[in-house]
Amino acid sequence: MINVGFIGAGANTRNAHIPKLLEQKGVVAYGVANRTYKSGEVVAKEFGIENVYNSWEELLDDENIDAVCIGTWPNMHSTLSIRSLEMNKHVLCEARMATNSLEAEQMFEASKNYPNLITQIVPAPHTLPYDNTVKSWIKNEMGSLILFDVKCTTGEFPNYNKPLHWREDRDISGNNIMHMGIFYEAGMRWLGTASNVFAHSDVHIKKRKDESTGEQKEISIPDHLEAIGNMTCGGSYHMTHSTILGGSSPVDIYIYGTE
């Protein structure tokens with residue numbers, strides 16, 4: 001049996017990670033540590049989890065736990081992943097991997113010190129049903145890449161009255177920008193990495209109300225971004241990511257090849 005401890009139990013963890021792990025043979029949802037003990041109890045009751053911990057430190061100290069699923073905000077991912085490895089636990093960490101590239105590199109380097117442990121970031125799921133089909137088309141029919149063109153928007157006009165979302169809070173989300181990471185991840189699966197980037201971004205909605213404090217908080221994470229550059233495999237890419245292009249189609253992805 002593999003005993004899994006859950007650190008952070010937000011919507012993704014409750015809706016996807018816990019149920020899907022419980023579907024696996026030989027996996028036990030052994031314990032949970034959430035932002036408060038009370039909220040941890042709610043999750044434990046919902047999924048029949050026996051142990052609730054006062055803190056993530058207490059959970060990691062439990063030698064009965066074999067693996068940890070990290071479902072906190074990104075600002076804790078590096079600390080929790082590295083500490084979990086140090087405590088001899090396998091790690092499944094929610095995307096976004098970290099708040100910046102330095103933290104991500106530290107996580108990657110730490111994982112090399114524990115080759116006996118599985119260390120995994122939750123993959124971007126939105127293209128998983130189609131990945132093999134796309135890769136087959138690229139290999140057998142595309143020819144040489146001309147352009148990888150991605151447009152991802154919410155299709156919404158600017159809404160200045162919404163409260164601050166954690167994805168807009170640099171203290172929590174760091175350098176992550178909208179949907180850019182998960183769509184670049186999909187592109188990497190299909191075509192490999194980019195070799196360079198030129199980008200321009202804007203912050204049109206500059207403040208929102210932080211409901212945790214009741215105060216207005218400045219926003220520095222872009223709500224519109226354009227990026228262009230070259231792919232390592234040859235050809236170019238163009239990416240548009242926006243949460244303020246009212247009337248725009250939500251997602252368009254085109255791969256143009258010579259054949």
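The values are calculated or read from the model by the stated rules, or taken from the named source; none is laboratory data. Here the structure is a predicted model, which is why all the values come from computation and not from measurement. In this analysis, Cβ positions are derived from the backbone assuming ideal geometry, glycine residues included, and neighbour counts consider all displayed protein chains.
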Under 8 Å between Cβ atoms, which residue pairs at least 6 apart in sequence (or on different chains) link something in the stretch 30-42 that is closer than 20 Å to Asn3 by Cβ and assigned by TED's automatic domain parsing to the domain that holds Phe6 with a partner that is of a type in the set (Phe, Trp, Tyr) and assigned to a helix (DSSP H, G or I)? Ala33/Trp56
When residues of the stretch 126-142 are limited to those that are more than 23 Å from Val91 (Cβ to Cβ) and among the hydrophobic types (A, V, I, L, M, F, W, C), the one surrounded by the fewest Cβ atoms within 10 Å (Cβ to Cβ): Trp137
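Does Asn12 meet the test of being outside any helix (DSSP H, G or I) and surrounded by 14 or more Cβ atoms within 10 Å (Cβ to Cβ)?
Numbers: outside any helix (DSSP H, G or I): no; surrounded by 14 or more Cβ atoms within 10 Å (Cβ to Cβ): yes.
No: the conditions fail for Asn12.
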Please give the number of the condition Thr258 fails out of (1) of a type in the set (Ser, Thr, Tyr); (2) at pLDDT 95 or above; (3) closer than 27 Å to Pro125 by Cβ. (3)
Return a yes/no flag: does the stretch 86-108 have any residue that is in a helix (DSSP H, G or I), at pLDDT 95 or above, touching a Phe, Trp or Tyr at 6+ places or on another chain (Cβ under 8 Å) and among the aliphatic types (A, V, I, L, M). no
Which of the residues that make up the stretch 73-85 are in contact with a Phe, Trp or Tyr (Cβ under 7 Å, 6 or more places away or on another chain) and farther than 16 Å from Ser173 by Cα? Leu85
Can you list residue pairs whose Cβ atoms sit under 6 Å apart, with the first residue in the stretch 50-70 being part of a loop (DSSP other than H, G, I, E, B) and the second being of a type in the set (S, T, N, Q)? Count only pairs 6 or more apart in sequence or on different chains. Asn64/Asn3; Ile65/Asn3; Asp66/Asn3
Please find, within the stretch 68-103, the residue that is farthest from Ile2 (Cα to Cα) out of those that are buried (at least 19 other Cβ atoms within 10 Å of the Cβ) and of a type in the set (Gly, Ala, Ser). Ala98
Name the strands (runs of 3 or more DSSP E) wholly within the stretch 139-222 that hold at least 2 residues that are among the aliphatic types (A, V, I, L, M) and at pLDDT 95 or above? 145-153
Any residue that is within 16 Å of Leu60 (Cα to Cα) and crowded, with 17+ Cβ neighbours inside 10 Å - is there at least one of those in the stretch 118-125? yes
Specify the residue that is surrounded by the fewest Cβ atoms within 10 Å (Cβ to Cβ); the eligible residues are those in the stretch 160-170 that are in contact (Cβ under 8 Å) with a residue 40 or more places away in the chain and farther than 18 Å from Arg96 by Cβ. Tyr160
Filter the stretch 171-200 down to residues that are of a type outside the set (A, V, I, L, M, F, W, C), surrounded by 14 or more Cβ atoms within 10 Å (Cβ to Cβ) and in contact with an Asp or Glu (Cβ under 9 Å, 6 or more places away or on another chain), then give me how many there are. 2
